[in-house]
Amino acid sequence: MQALIEVILPVFLVMGAGYLVVRVGLFGEAAVDGLMRFAQNFAVPCVLFTGVAQLDLASAFQPRLFLSFYIAAFTSFAVGALGARLLFARSGPDAVAIGFCCLFSNSLLLGLPIMERAYGTAALSGNYAIISIHAPLLYAFGITTMELVRHHGHGLSPRAIARQILTGILSNPLVIGLGLGFAVNLAGNPLPEPIWAAIGMMARAGLPAALFGLGGVMVRYRIEGDLRLVAMIVACSLVLHPGLAWLLGTKVFVLTDAELRSAVVTAAMAPGINAYLFANMYGVAKRVAASAVLIATATSVLSVWFWLHLLG
């Protein structure tokens with residue numbers, strides 16, 4: 001109960017405050033858009049830049065950590081996509097978008113603040129390692145799979161698919177922040193102190209602003225669509241993904257306690273808004289994706305409590 005009250009609830013209360021003030025009209029939708037644009041395009045990239053630039057790459061980038069998390073993630077995608085296709089008779093593009101919801105956990109806006117509150121700032125190196133390849137890898141996989149499914153038999157050239165993938169990834173501000181962080185890290189952190197101080201000020205604003213804005217954004221979406229399908233996505237995201245990450249991390253790859261916590265807590269996060277944006281980008285399974293984000297985010301208050309209790 002202590003973890004629920006002291007670790008999880010503060011994060012969701014910030015989101016709830018954003019939802020409430022927008023719901024009652026104290027904070028307009030234009031203001032929410034501006035806040036999210038600031039958070040996602042500027043402040044949160046500073047969070048990622050700082051984390052990666054100061055990361056001990058040799059100790060944080062452990063193959064066993066990546067394998068535990070990403071084998072579980074891609075298994076969750078396969079179960080979600082095949083379930084949508086075979087059990088619910090959804091089209092190929094729909095199945096890819098639904099699988100992407102099961103694949104893309106909210107590693108940044110929920111995973112980082114919950115991990116920090118539970119285990120402290122020093123415990124975030126594994127999270128930053130996972131996040132450093134999370135968006136580029138999963139977007140590359142999702143876009144490639146979607147383009148192959150959509151253009152199967154239509155003769156779309158590999159060059160056109162590659163251009164679509166690179167455009168989607170390299171124009172992402174989060175990926176830009178990660179890339180610059182790696183560059184500074186490998187260069188030996190040559191930035192002067194005033195620049196670090198300014199970046200730090202931006203970074204401190206990033207997660208609270210993003211959480212508040214995320215709550216405001218959720219006012220726009222309603223629970224609709226096939227709720228059985230939504231329930232499958234929620235189960236994949238909140239049970240299968242973290243459960244398999246825990247199993248792999250304890251029985252196969254034998255992670256340290258710190259690595260196991262980073263892998264499982266990150267895997268236990270609900271699908272983020274990116275899951276809906278991916279579906280919206282292709283105009284498929286939008287209602288299901290929006291409902292899954294809402295229900296999984298609300299349900300994760302209790303499921304994350306369980307995983308934190310298991311991890312100690």
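Quick notes on this structure:
- Percentage, to the nearest whole number, of Cα pairs in the chain over 28 Å apart: 37 percent
- Extreme residue, positive dipole direction of the stretch 2-311, given options LEU214, ILE295, LEU170 (C-beta unit charges): ILE295
- Label-point separation, VAL254 to ALA198 (7 Å along Cα→Cβ), nm: 4.9 nm
- In a reduced charge model with +1 at each Lys and Arg Cβ and -1 at each Asp and Glu Cβ, the stretch 37-186 shows a dipole moment near 300 debye about its Cα centre.
- Lys, Arg +1 and Asp, Glu -1 on Cβ, resulting dipole of the chain about Cα centre, debye, nearest 20: 660 debye
- Positive dipole terminus of the chain, leading residue within LEU35, PHE88, ASN274 (C-beta point charges): PHE88
- Residue-averaged [θ]222 nm for the chain, counting only DSSP H segments that reach four residues, each worth -39500 (n - 2.57): -22500 deg cm²/dmol
- Projecting the Cα atoms of VAL24, ALA118, ILE71 onto the charge dipole of the stretch 1-155 (Cβ charges, centred on the Cα centre) puts ILE71 farthest toward the positive pole.
- By the Cβ rule of 4.7 Å, the chain holds the following cysteines without a possible disulfide partner: CYS46, CYS101.
- Placing +1 on each Lys and Arg Cβ and -1 on each Asp and Glu Cβ, with no other charges, gives the stretch 35-117 a dipole about its Cα centre of roughly 160 debye.
Read the figures in this text as sums done on the coordinates, not as results from a lab. Being a predicted model, the structure only gives us computed values, none of them experimental. Cβ: placed from backbone, ideal geometry, glycine included. Neighbour counts: every protein chain shown.
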